[in-house]
Amino acid sequence: AFREAGNRISEGIALGNLALALGETGCSDQAEDTYKQALSIHRESGNRRMEAVVLGNLGNLYEATARRELAEQTLASALAIHRELGNRRLEGIVLGSQGNIYLGEDQFEQAEHAYLQAIAICREVGNRRSEGIALGNLASAYRGRSQLERAEQTYQQALEMHRETGNRRGEGVALANLALLFDETSR
């Protein structure tokens, strides 16, 4: 409908949403193609904010499909645009995504650095839900560095934040991570 009406901006947004849904249902090749279509439209129309949003989502797709180098490049592009536009909320989210790449590669110090930046920005802009997610990931970085007491404290902070924000999935992840941590320390 948007295409027929010539509404390129809405078409790009709809394609980005479709790509997100495709990625979440495991259709990663289709999602990638659809993200690229959306990206092309946003670049053509000069919509830098949506270009950065799509780049961030595409970077997350690359990370989820173990294409780390592409993920790093794509997220770096998204981060640069968010910083250029002064979009602190999305800057914090992308920093968290970068931390996930480092965490997945067992680069715990780099992950910690990215998560600490993300947490600071989330606090600055009042994004409590993303702050809770970043705290949980930071705890995993501490755990990877064998800083188990810090990991436990940070998982507890994440758990409290998830409960405050009603993030039941995050709450479950934090509880599972605490259980794994307690199992590791009891051996």
Residue set T154, T185; condition surrounded by 21 or more Cβ atoms within 10 Å (Cβ to Cβ), farther than 23 Å from L75 by Cα, in contact with a Leu (Cβ under 9 Å, 6 or more places away or on another chain) and of a type outside the set (A, V, I, L, M, F, W, C); output residue T154
Note: among S77, S146, S140, S40, just one is among the hydroxyl-bearing types (S, T, Y), within 23 Å of R168 (Cα to Cα) and out of contact with any His (no Cβ under 7 Å at 6 or more places or on another chain), namely S140
Answer yes or no as to whether E105 is within 22 Å of R145 (Cβ to Cβ), exposed (fewer than 15 other Cβ atoms within 10 Å of the Cβ) and either modelled with pLDDT under 95 or in contact with a Lys or Arg (Cβ under 8 Å, 6 or more places away or on another chain) (or both). yes
Out of (1) open to solvent by less than 50 Å² (accessible area, probe 1.4 Å); (2) farther than 13 Å from S97 by Cβ, the one N17 does not meet is (1)
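For L138, state whether it is farther than 20 Å from G166 by Cβ, open to solvent by 60 Å² or more (accessible area, probe 1.4 Å) and out of contact with any Pro (no Cβ under 6 Å at 6 or more places or on another chain).
Working: farther than 20 Å from G166 by Cβ: yes; open to solvent by 60 Å² or more (accessible area, probe 1.4 Å): no; out of contact with any Pro (no Cβ under 6 Å at 6 or more places or on another chain): yes.
No, not satisfied.
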Just one listed residue, out of S45, S10, is at pLDDT below 95, touching a Lys or Arg at 6+ places or on another chain (Cβ under 7 Å) and open to solvent by 20 Å² or more (accessible area, probe 1.4 Å), and it is S45
Picking from G144, G99, G92, the residue that is open to solvent by 10 Å² or more (accessible area, probe 1.4 Å) and either in contact with a strand residue (DSSP E or B) (Cβ under 6 Å, 6 or more places away or on another chain) or under 24 Å from E63 (Cα atoms) (or both) would be G144
Taking segment 52-75 and the residues there that are over 16 Å from A21 (Cα atoms), hydrophobic (A, V, I, L, M, F, W, C) and touching a Phe, Trp or Tyr at 6+ places or on another chain (Cβ under 7 Å), the one that is least open to solvent (accessible area, probe 1.4 Å) would be A71
Margin query: Quick check on Q37: is it open to solvent by less than 60 Å² (accessible area, probe 1.4 Å) and in contact (Cβ under 8 Å) with a residue 12 or more places away in the chain?
Written below: no
Checking the structure you have, find out if any residue of segment 124-132 is under 22 Å from R89 (Cα atoms), open to solvent by less than 30 Å² (accessible area, probe 1.4 Å) and of a type in the set (D, E). yes
E131 fails exactly one of (1) closer than 21 Å to A64 by Cβ; (2) touching a residue at least 24 places away in the same chain (Cβ under 8 Å); (3) not β-branched (V, I, T), namely (1)
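The values are calculated or read from the model by the stated rules, or taken from the named source; none is laboratory data. Predicted model only: the values in this text are computed from it and were never measured. Every residue, glycine among them, receives a Cβ derived from its backbone with ideal geometry; neighbour counts consider all protein chains shown. With ligands, DNA and RNA removed, areas are computed over all heavy atoms of the protein, side chains included. Shrake-Rupley method; radii C 1.70, N 1.55, O 1.52, S 1.80 Å.
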